[in-house]
Amino acid sequence: MTDAETDSVALSGAVAGLCPLTEANLGDGAFNGPRFIEAGGRFGIGTDSNVNISVTGELSIFEYSQRLRDRTRNALAKRNESTGHNLYTSAAKGGAQALGRSSGAITKGNCADLVAIDSQHIQLAGLKTDQLLDGWLFATSRNVVTDVWSAGRHNVQESRHVQHDQIEAVYRKTMLRLSSLI
């Protein structure tokens, strides 16, 4: 997108749906995040035909792509602001707006969409509370997430989806069927 297009989309109130892992995989180039955000734009993240489904992967690649393109650090956060906190909360709010869902922040009346992180995990050792999102997004594996709630439903418990076995069986069967078609 040109700078004018980036500004126009930001000013329109639309939410940019970004899939940074897929964009990197396909060589699509880097979205101009700093300019978009500076112009008041909102974004959400997702995955698009990518087998690596990872919130941390999407957000960290988004940040790293900006750093590489602009040759700067903490590209998507203001000075003295936590990059991880800014990325996560911005994506949550933008995603909620795009979905028309009352979520994206812990606020009375919003859906209980929550993620619990094991702050005692070895990969987060020594981090203060205000550094946990930075540690989670940039320095850990997926296994630091212990629980996830969507609209109050407890879908992940003790780092395992409540329907893990059924989902895995269907996935395995589907992949075997698809591979037999090749």
Residue match in the range 169-177 (condition: among the hydroxyl-bearing types (Ser, Thr, Tyr) and closer than 30 Å to Asn74 by Cα): no
So Ile61, is it part of a loop (DSSP other than H, G, I, E, B) and of a type in the set (A, V, I, L, M, F, W, C): no
Strands (runs of 3 or more DSSP E) contained entirely in the range 74-182, each with at least 1 residues that are acidic (Asp, Glu): 145-150
Residue check, Val162 surrounded by fewer than 17 Cβ atoms within 10 Å (Cβ to Cβ) and modelled with pLDDT of 95 or more: yes
Extreme residue, farthest from Ser60 (Cα to Cα), among residues of the range 24-37 that are touching a residue at least 24 places away in the same chain (Cβ under 8 Å) and out of contact with any strand residue (DSSP E or B) (no Cβ under 9 Å at 6 or more places or on another chain): Arg35
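Given the residues Gly44, Gly94, Gly57, which is the only one that is within 16 Å of the chain's Cα centre (by Cα), surrounded by 15 or more Cβ atoms within 10 Å (Cβ to Cβ) and at pLDDT below 95? Reasoning before the result, please.
On the way: Gly44 fails: at pLDDT below 95; Gly94 fails: at pLDDT below 95.
It is Gly57.
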From Glu158, Glu81, residue being among the acidic types (Asp, Glu) and assigned by TED's automatic domain parsing to the domain that holds Glu58: Glu81
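How about the range 1-28: which of its residues are small (Gly, Ala, Ser) and touching a helix residue (DSSP H, G or I) at 6+ places or on another chain (Cβ under 7 Å)? Before the answer, list the steps.
First, the residues of the range 1-28 that are small (Gly, Ala, Ser): 4, 8, 10, 12-14, 16-17, 24, 27.
Correct list: Ala10, Ala16, Gly17, Ala24.
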From Leu133, Leu59, Leu99, residue being outside the structural domain of Asn155 (by TED's automatic domain parsing), of a type in the set (A, V, I, L, M, F, W, C), within 23 Å of Ala151 (Cα to Cα) and in contact with a helix residue (DSSP H, G or I) (Cβ under 6 Å, 6 or more places away or on another chain): Leu59
Unmet requirement for Lys173, which otherwise passes all of (1) under 22 Å from Gly57 (Cα atoms); (2) loosely packed, with under 13 Cβ neighbours inside 10 Å: (1)
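The values are calculated or read from the model by the stated rules, or taken from the named source; none is laboratory data. Everything numeric here is computed off the predicted structure, so don't read it as measured data. Ideal geometry is used to build each Cβ from the backbone, glycine not excepted, and the neighbour counts take in all protein chains shown.
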